[in-house]
Amino acid sequence: MAFLSVFDVIGPNMIGPSSSHTAGAAVLAFLAQKLIAPPLRSVSFTLHGSFAKTYLGHGTDRALLGGVMGFSTDDVRIRNSLAIAEQRGLTYSFLPSEEEKDVHPNTVDIRMKNEAGKVMEVRGESLGGGKVHISRINGVSVDFTGEYSTVIVVQQDTPGVVAHITKVLSDSGVNIAFMRLYRESKGRTAYTIVESDGRFPEGIDVPLRENPHVYDVMILEP
C-alpha cells in the first residue's frame, strides 16, 4: 500500500475549489514562469481534457494566470488575476482544445514570451492534491515535478557537457537525487535535469555556464 501523508489527504493551502484544477494549475504555471527571464509580455494557455471542459467554473484560468505571474497557491490575488494581468500589461489567452486525446486529463500547454522576445513553451499535468508533472519543454519530452530543488541545463548535445555539469555540482557539494538527459536528437539541443535533496548553492549557475556548449541554466527551488 502506498504511503499517504496528511498533506495528500487534506490537500495544499489554496485559493479555489479544486486541488487539481486550481492549486495544481497555479503550481504548473508558477514553475513554467521560472524557466524564462522576466518580465513576461504575453502568455497563452492551451487546455486539454477536463481542464478544457471546466476551466471557467473551477477557476483554472485565474489560477494559471496567477501562477504565471508568480502567485503561490494560497495567494488571494489569484481571485483577481485577470484584472491584475491587464494592469501589468500582460496579454493572455485561453484555448480549450480537443485535438489530442492521449493526454492526462488535466494538461496545459503554456506558451510565454518575455520582454526580450524570447519564447518558452512548457507542457504540464496536474496530478491531484496540488502535485504536478512537467512533461515537455520547447517540444522536448522531460520529466520532473518541482518537488525537489532542480537545475535545468540547456545545452548542445555534444561530448563533455554532462561531465562538466557533474563536476561543477560535485565541486559545489551538491547531493544529486535524480539526474536525467533529454534531447531533441543527436547533436542538437538537450536538457540535463538534476534534482537535489537540498538547495543549490548561490551562484551555481555561473560555473555551469562556463562551458561554451551550455546555452542556459535555470534553477527551481521548491
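The values are calculated or read from the model by the stated rules, or taken from the named source; none is laboratory data. The model shown is predicted, which means the values in this text are computed figures rather than measured ones. Cβ coordinates were reconstructed from backbone atoms using ideal geometry, including for glycine residues, and neighbour counts include every protein chain displayed.
Descriptive notes on the structure:
- Whenever a residue of the stretch 127-142 is hydroxyl-bearing (Ser, Thr, Tyr), its partners that are modelled with pLDDT of 95 or more and crowded, with 17+ Cβ neighbours inside 10 Å, lying with C-beta atoms within less than 6 angstrom and at least six residues away or across chains, give the pairs Ser135/Arg123.
- Checking Ile165 against (1) surrounded by fewer than 21 Cβ atoms within 10 Å (Cβ to Cβ); (2) touching a strand residue (DSSP E or B) at 6+ places or on another chain (Cβ under 8 Å); (3) more than 22 Å from Lys113 (Cβ to Cβ), the condition it does not meet: (1)
- In the stretch 104-119, the residues that are closer than 14 Å to Leu90 by Cα form no Cβ pair under 6 Å with any partner that is among the basic types (Lys, Arg) and crowded, with 19+ Cβ neighbours inside 10 Å, whether six or more places apart or across chains.
- Within the option set Gly59, Gly89, Gly67, being buried (at least 20 other Cβ atoms within 10 Å of the Cβ) and at positive phi holds for one residue only, Gly59.
- Taking residues in the stretch 200-222 that are aromatic (Phe, Trp, Tyr), and partners anywhere that are in a strand (DSSP E or B) and surrounded by 14 or more Cβ atoms within 10 Å (Cβ to Cβ), the pairs with Cβ atoms closer than 7 Å and at least 6 places apart or on different chains are Phe200/Ser149; Phe200/Val151; Phe200/Ile219; Tyr215/Val154; Tyr215/Gln155.
- Residue within the stretch 37-45 that is over 13 Å from the mean Cα position of the chain (by Cα), of a type in the set (A, V, I, L, M), assigned by TED's automatic domain parsing to the domain that holds Gly128 and part of a helix (DSSP H, G or I) present: no
- On the stretch given as the stretch 121-144, residues that are of a type in the set (A, V, I, L, M) and surrounded by fewer than 20 Cβ atoms within 10 Å (Cβ to Cβ) total 3.
- Ala83 satisfies every condition listed in (1) modelled with pLDDT under 90; (2) part of a helix (DSSP H, G or I) except (1).
- Test: residue in the stretch 62-79 that is of a type in the set (Asp, Glu) and in a loop (DSSP other than H, G, I, E, B): yes
- Checking each residue in the stretch 127-146 for being within 11 Å of the chain's Cα centre (by Cα) and either basic (Lys, Arg) or closer than 16 Å to Gly67 by Cα (or both) picks out Val132, His133, Ile134, Arg136, Thr145, Gly146.
- Scanning the stretch 111-162 for residues that are among the hydrophobic types (A, V, I, L, M, F, W, C), in a strand (DSSP E or B) and over 24 Å from Leu40 (Cβ atoms) gives a single hit, Leu127.
- Qualifying residue in the stretch 145-157 (condition: exposed (fewer than 14 other Cβ atoms within 10 Å of the Cβ) and free of Cβ contacts under 8 Å to residues at least 24 places away in the same chain): no
- Filtered residue count, the stretch 179-202, keeping only those that are surrounded by fewer than 18 Cβ atoms within 10 Å (Cβ to Cβ), under 21 Å from the mean Cα position of the chain (by Cα) and in a loop (DSSP other than H, G, I, E, B): 6
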